[in-house]
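**Q** Take a look at this one; I'll ask things after.
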Amino acid sequence: MKNYPKSQKGFIQIPILIAIIVGVLVIGGGSYFGYTQFKNYQVQQAEKERQIQELAEAQQEILEKSQQEIEKLKEEVTEEQAAFQQRISGMEEKIKESSQKLEITAIELESYLSGVVKISCKEGEGSGSLWNIPEQGYRILTNQHVIEGESGACSLDITKTNNRAYGWYNVLLNEQYRWNYVADVVTVKLEINKLLNDAIVSMTSKQNESTPISELNYKISNLRKCPPNMSLGSPVVLIGYPVFAERVDYYEGEKVVSSFRTVTNGIISAHDMSFSLIRSELPHSNYFVSAKIDSGNSGGIALSKDESGLCLLGIPTWLSIGNYETQGIVQNIHNIIYTE
């Protein structure tokens, strides 16, 4: 058996040890480096996840705020729509109320009807209305052309209302008054027709005696006057004794004409400015009206209505005859009473 020196045996062992140590160091260093890289990776990943989480939370916050703004806007829009719809409904209701309010009803007219009377003169007939005028007393207001050229006295038959005859009166043509000499209007005094009244009373009974003049219906003279320039489309009612409402009968060979107080309605269809603009004699325009009018309506009463209620528009005067349509003319009450 061959023997090696001890020194040679030790020489072999040291390199091996060194190699082992180096290997350990290499392996350990590699492991440490790998661990460090892994830790850095974990830190980076955690940072990225944190950033992603913060971004997601920020986006979620923005989304929630946006959703809140959207809901708020929806509520505001809904409230605006509701308010707008309420305003529309309110306007519609006002229009409806205004439309209903501006209709002249039978109840509104009732207390004024018996204040419109028929005037019969030798040369013609017309309508008139009962007025109690300060400094003039009890009067009949009518068109001047109704009594123009007449002599003596015209008769006034205040016709039946609710089957009760008020009586028989004279219109005294020598007791006239006019505010101006442009408007076709005059007031005349009236008195009881004693001859006819006494004859009727003697044939019937004292119950049919003419009502005292002071107790007749003068409410028209107290009615509010319409504004000077009423709007087109305003409602109009004419009260009078038109020829189309007359009835002709024959009794024992004698012709008997019966006249009836008549109400026709329409609107103000145009302003007649011929006096106010062209001739400058009266301050306001008169009115063309669509309400049915005929001979006999002259001197009656025209009523209208605005937001303040029923009012006195003026006096029916004459017709404007066109090719296809006929329009009545109403003299403005403010022209009638105009004084310079």
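The values are calculated or read from the model by the stated rules, or taken from the named source; none is laboratory data. On a predicted model such as this, the values are computed, not experimentally measured, just so you know. In this analysis, Cβ positions are derived from the backbone assuming ideal geometry, glycine residues included, and neighbour counts consider all displayed protein chains.
**Q** In the stretch 225-271, which residues are of a type in the set (A, V, I, L, M, F, W, C) and either in a loop (DSSP other than H, G, I, E, B) or over 35 Å from the mean Cα position of the chain (by Cα) (or both)? Let's see the steps before the verdict.
**A** Applying the first criterion (of a type in the set (A, V, I, L, M, F, W, C)) to the stretch 225-271 yields 226, 230, 232, 236-239, 243-245, 248, 256-257, 260, 263, 267-268, 270.
Answer for the stretch 225-271, where residues must be of a type in the set (A, V, I, L, M, F, W, C) and either in a loop (DSSP other than H, G, I, E, B) or over 35 Å from the mean Cα position of the chain (by Cα) (or both): Cys226, Met230, Leu232, Val248, Val256, Val257, Phe260.
**Q** Sticking with this one: Considering Tyr169, Tyr181, Tyr177, which residue is modelled with pLDDT of 75 or more, over 35 Å from the mean Cα position of the chain (by Cα), within 29 Å of Ile337 (Cα to Cα) and surrounded by fewer than 14 Cβ atoms within 10 Å (Cβ to Cβ)? Even if it seems obvious, please write down each step before you answer.
**A** Details: Tyr169 fails: surrounded by fewer than 14 Cβ atoms within 10 Å (Cβ to Cβ); Tyr177 fails: surrounded by fewer than 14 Cβ atoms within 10 Å (Cβ to Cβ).
Answer to the selection: Tyr181.
**Q** Given (1) charged (D, E, K, R); (2) more than 25 Å from Lys118 (Cα to Cα); (3) at pLDDT below 75; (4) touching a Ser or Thr at 6+ places or on another chain (Cβ under 9 Å), identify the lone condition not met by Asp272.
**A** Of (1) charged (D, E, K, R); (2) more than 25 Å from Lys118 (Cα to Cα); (3) at pLDDT below 75; (4) touching a Ser or Thr at 6+ places or on another chain (Cβ under 9 Å), only one is false for Asp272: (3).
**Q** Restricting the search to the stretch 104-159, which residues are at pLDDT below 90, within 22 Å of Thr264 (Cβ to Cβ) and in a loop (DSSP other than H, G, I, E, B)?
**A** Hits for the stretch 104-159 are Ser114, Gly124, Thr159.
**Q** Moving to a separate point now. Hey, among the residues in the stretch 72-102 that are surrounded by 10 or more Cβ atoms within 10 Å (Cβ to Cβ) and among the hydroxyl-bearing types (Ser, Thr, Tyr), which one's modelled with the highest pLDDT?
**A** Taking the stretch 72-102 and keeping what is surrounded by 10 or more Cβ atoms within 10 Å (Cβ to Cβ), we get 72-98, 101-102.
Applying the additional criterion that residues be among the hydroxyl-bearing types (Ser, Thr, Tyr) yields 78, 89, 98.
Details: Thr78: 80, Ser89: 71, Ser98: 52.
Looking at residues that are surrounded by 10 or more Cβ atoms within 10 Å (Cβ to Cβ) and among the hydroxyl-bearing types (Ser, Thr, Tyr), I get Thr78.
**Q** OK, next. Given the options Val256, Val248, Val263, name the one that is farther than 20 Å from Val185 by Cα and at pLDDT 85 or above. Even if it seems obvious, please write down each step before you answer.
**A** Working: Val256 fails: at pLDDT 85 or above; Val248 fails: at pLDDT 85 or above.
The conditions single out Val263.
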